[in-house]
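The values are calculated or read from the model by the stated rules, or taken from the named source; none is laboratory data. Please read these numbers as outputs of a predicted model, since none were measured by experiment. Positions of Cβ are backbone-derived with ideal geometry, glycine not excepted, and every protein chain shown enters the neighbour counts.
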Amino acid sequence: MSTSSRIKTRDSPKPRGETDNATEQKEKDSNPAGIQALRAEFEQLFKAKAWRGVNNLPKERGNRRALVVAINYGERRPPHRLHGTFVDALRIIRMLEGFEYKPGDICVLADIAIPSCTADCESDSSEGDDSESRLPKRVNILRGLKWLASGGGPGKYRFLFFSGHGHFQPSQLSSTSNQCIMPEDVKFQRLQSCNDCVCSENVWRASDQPGEPMLVPEPLSVLWDHNINQRLCTSLDSGTKFTAVFDVRFSIFVNAKLEWEISVSAAIVEAC
């Protein structure tokens, strides 16, 4: 398996005097109205099932596969809502389309409710009500990773994108820390004091009110870096070109303490 940390752009030259449409589109998408439009577009396409869920993933050995996970977390706290994840996901999908990824090559998981199909629904009835399989729950992300890692080999491309909350568990016994991403159905528990870890440096609270108990994710409700590495490295065939992008938000208490940006992808995506 080969891994890459960035996507190479095409080398085709741009004719002189040609309007830079990409720059104009970027400026348009960056203003508040443009961002709101992108979010609405993503939600509309997701509800229309423009991309695959984990219940109808193709088994044939396609040249390209992508798993895109975008989690907003809604009104629950912790963790708090993330407003830009759907916009990030749509921009990633647009980029993938530019690299010849088709809608059928892309599995998208997002915490958006899909209305139940009624008798006069125009949706494909053969697909059935698979709304649960499109939610970014832990079990669905694992199923998506299994599909992403299978059927690879020379000339095969695999792309993973996650936008959501993350958590890292520092330890006094090591200079490194365990890191994880939080699925939509992450659960939290009260912080328990321990001798080996420094958990109090990375905690979550239900509100900003004084006296709120310190919380940490339940270990079995998240996806740790070793979970993802194991799922990918035991299945990806030699020669597969794999790229992963993790756009992860840590606890506000951690963000205020750290003076540098933590690169989650470096810890989660390793050469096998």
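Answer with yes or no whether Glu212 is modelled with pLDDT under 90 and under 17 Å from Lys137 (Cα atoms). Spell out the reasoning first.
Working: modelled with pLDDT under 90: yes; under 17 Å from Lys137 (Cα atoms): no.
No; evaluated as a whole, the condition is false for this residue.
Provide a single number: the residues in the stretch 245-272 that are at pLDDT 50 or above, of a type in the set (A, V, I, L, M) and touching a helix residue (DSSP H, G or I) at 6+ places or on another chain (Cβ under 6 Å). Give the steps one after another, and end with the answer.
Taking the stretch 245-272 first, the residues at pLDDT 50 or above are 245-251.
Adding the requirement that they be of a type in the set (A, V, I, L, M) leaves 245, 248.
Narrowing further to those that are touching a helix residue (DSSP H, G or I) at 6+ places or on another chain (Cβ under 6 Å): 248.
The total comes to 1.
If I go through the stretch 60-84 residue by residue, how many of them are closer than 11 Å to Glu184 by Cβ and either over 12 Å from the mean Cα position of the chain (by Cα) or of a type in the set (Ser, Thr, Tyr) (or both)?
Applying the first criterion (closer than 11 Å to Glu184 by Cβ) to the stretch 60-84 yields 69-74, 76, 79.
Going one step further and asking which of them are either over 12 Å from the mean Cα position of the chain (by Cα) or of a type in the set (Ser, Thr, Tyr) (or both), we end up with 73-74, 76, 79.
Adding up the residues that qualify gives 4.
Kindly evaluate Cys199 against the criterion of being more than 21 Å from Val139 (Cβ to Cβ), modelled with pLDDT under 90 and surrounded by 15 or more Cβ atoms within 10 Å (Cβ to Cβ).
Values: more than 21 Å from Val139 (Cβ to Cβ): yes; modelled with pLDDT under 90: yes; surrounded by 15 or more Cβ atoms within 10 Å (Cβ to Cβ): yes.
For Cys199, the condition - more than 21 Å from Val139 (Cβ to Cβ), modelled with pLDDT under 90 and surrounded by 15 or more Cβ atoms within 10 Å (Cβ to Cβ) - is met.
Kindly provide the set of residues from the stretch 130-166 that are modelled with pLDDT under 90 and in contact with a Ser or Thr (Cβ under 6 Å, 6 or more places away or on another chain), ordered by number.
Correct list: empty.
If you scan the stretch 30-59, which residues turn out to be within 20 Å of Leu232 (Cβ to Cβ) and surrounded by fewer than 18 Cβ atoms within 10 Å (Cβ to Cβ)?
Across the stretch 30-59, the qualifying residues are Pro58, Lys59.
Can you tell me which residue in the stretch 50-97 is farthest from Pro217 (Cα to Cα), limited to those that are in contact with a helix residue (DSSP H, G or I) (Cβ under 8 Å, 6 or more places away or on another chain) and basic (Lys, Arg)?
Arg64
Which residue pairs have Cβ atoms under 6 Å apart, sit 6 or more places apart or on different chains, and have a first residue in the stretch 131-146 that is farther than 16 Å from Phe46 by Cβ and a second that is in a helix (DSSP H, G or I) and not polar (S, T, N, Q)?
Partner pairs satisfying both residue conditions: Arg143/Val54; Leu145/Arg231.
Could you run through the stretch 60-76 and say how many residues are part of a strand (DSSP E or B) and either free of Cβ contacts under 8 Å to residues at least 40 places away in the same chain or surrounded by fewer than 20 Cβ atoms within 10 Å (Cβ to Cβ) (or both)?
Restricting attention to the stretch 60-76, the residues satisfying the condition of being part of a strand (DSSP E or B) are 64-70.
Remaining after also requiring either free of Cβ contacts under 8 Å to residues at least 40 places away in the same chain or surrounded by fewer than 20 Cβ atoms within 10 Å (Cβ to Cβ) (or both): 64.
Residues meeting the conditions: 1.
Given Leu236, Leu220, which one is within 20 Å of the chain's Cα centre (by Cα), surrounded by 15 or more Cβ atoms within 10 Å (Cβ to Cβ), at pLDDT 85 or above and not in a strand (DSSP E or B)?
Numbers: Leu220 fails: surrounded by 15 or more Cβ atoms within 10 Å (Cβ to Cβ).
Answer to the check: Leu236.
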